[in-house]
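The values are calculated or read from the model by the stated rules, or taken from the named source; none is laboratory data. Treat the numbers as computed from the prediction; the structure is a model and nothing was measured. Note that each Cβ is placed from the backbone with ideal geometry, even for glycine, and that neighbours are counted across all protein chains shown.
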């Protein structure tokens, strides 16, 4: 199947490690990802906060380009995923919106008929590649590694469709296929604070602390994420959260594709693990020792 | 479309959405699941349930002038759980936009500045640039405190996670033509 890949703006910046691991894993699995031609920023929550017309049109241009390239549009970022899906949903639900967006795109000689399917990378891996095929690609089962799967919010809500909006399980099933142990994690799909971790830390750090506490209580040695903003919030502010609450969390926050890569025998460097701010050496050592040091 | 005498969002595409959102507001039974689920509800002057009650009572100004819209992180728990399937998150987005258009932005509600700054960068380049966004936002909202963020920023730069170069779309004319048309259809920026 052909996939048109929408990276989003963070993939060459704060989410560089995510992209490193995606490149490696996609290659190893033999998937064909073609980058979306001249994509623009999806606008994320910022555009929706300021101007809904702008948000729809930013997505509209991306979807128009994707229609030309042909294939499912795949994105690794939950924020981009939510916004692109929202545009598609509004396109189908409100004919007037469809008309106006098409009129706007026509100013740039672009056309979108609503036919492009928007998928999250996790959905493609779980449902198109399949857990069986992924299991077969595992050369270093992550025996003994306890993983808290953090889904965040916009992966499964408002209607991600490929997993439960409140009690999702796709990441946990993936963790099992990699040979690791998913821990019970009640805060798995509760908000990390999103933008407010940067603008209102006095409010958001409490949410982040709860996430760490919940993962820790389950015995997690690391937290995996599927969203650049979640990864940022949990990693960058872990020290500040410790300072505010007198806690001592030192939990590596890695992207789910980085965990996949470790199980597939890909080097930590190629997976962007040396770009982590919180040391992952212990995790990597346990992963590559085949559970001997677990 | 008006609700309790108050016109909702103005603007070409938005009028279509407001027709639908306005209708849905009337079905709210004030069960409070939204407020109970909201991660920032306790900090809001008008948590979602109360915000909707205020709007239906013709008191939208209070909500627009408050911290409520800006404390919404769009986690969609309210929307997922609403007994009447009201898209509460979309209503919060609408309130943010109306607050901005009607001059209710406040310096202490920094999310509005972060959002408008990001939109300005996107509007110009077609892509976001995290370094510019952080620097410009902090210069505006927290110029002195920004110094404390420098160590984190430097670490990210060293790890190749905060590039200096801003990316731009290549088809500049195409992008700007579409953006200009958006503005002419009632877009605000």
- [ ] Mind listing just one residue for me: the one in the stretch B:56-97 that is in a helix (DSSP H, G or I) and over 18 Å from the mean Cα position of the chain (by Cα) and, of those, farthest from the other protein chains (Cβ to nearest Cβ)?
- [x] B:56
Task: Flag for residue A:20 being farther than 22 Å from residue B:134 by Cα, within 11 Å of another protein chain (Cβ to nearest Cβ) and touching a helix residue (DSSP H, G or I) at 6+ places or on another chain (Cβ under 8 Å) - done: yes
- [ ] For the stretch A:218-236, state whether one or more residues are surrounded by fewer than 20 Cβ atoms within 10 Å (Cβ to Cβ) and closer than 26 Å to residue B:41 by Cα.
- [x] no
Task: Residue satisfying all of: in the stretch B:165-179; more than 24 Å from residue B:130 (Cβ to Cβ) and at the interface with chain A (Cβ under 7 Å from one of its Cβ atoms); surrounded by the most Cβ atoms within 10 Å (Cβ to Cβ) among these - done: B:174
- [ ] Could you tell me whether residue B:131 is surrounded by 15 or more Cβ atoms within 10 Å (Cβ to Cβ) and either more than 9 Å from every other protein chain (Cβ to nearest Cβ) or outside any helix (DSSP H, G or I) (or both)?
- [x] no
Task: Total residues in the stretch A:44-85, condition more than 10 Å from every other protein chain (Cβ to nearest Cβ), in contact with a helix residue (DSSP H, G or I) (Cβ under 9 Å, 6 or more places away or on another chain) and not in a helix (DSSP H, G or I) - done: 6
Task: Given (1) at pLDDT below 95; (2) under 19 Å from the mean Cα position of the chain (by Cα), index of the condition residue A:70 fails - done: (2)
TODO: Could you list all residues from the stretch A:158-179 that are assigned to a loop (DSSP other than H, G, I, E, B) and surrounded by fewer than 18 Cβ atoms within 10 Å (Cβ to Cβ)?
DONE: A:159, A:161, A:162, A:164, A:166, A:167, A:169
Task: Members of the stretch A:114-168 that are in contact with a helix residue (DSSP H, G or I) (Cβ under 7 Å, 6 or more places away or on another chain) and within 22 Å of residue A:207 (Cα to Cα) - done: A:147, A:148, A:149, A:150, A:151, A:152, A:154, A:155, A:157, A:158, A:165, A:166
Task: All positions within the stretch A:96-145 that are within 14 Å of another protein chain (Cβ to nearest Cβ), under 28 Å from the mean Cα position of the chain (by Cα) and not in a helix (DSSP H, G or I) - done: A:112
TODO: Could you identify the single residue in B:51, B:43 that is surrounded by 19 or more Cβ atoms within 10 Å (Cβ to Cβ) and at pLDDT 95 or above?
DONE: B:51
TODO: Identify all residues within the stretch B:143-164 that are more than 9 Å from chain A (Cβ to nearest Cβ) and either assigned to a loop (DSSP other than H, G, I, E, B) or touching a strand residue (DSSP E or B) at 6+ places or on another chain (Cβ under 9 Å) (or both); write none if there are none.
DONE: B:143, B:144, B:145, B:164
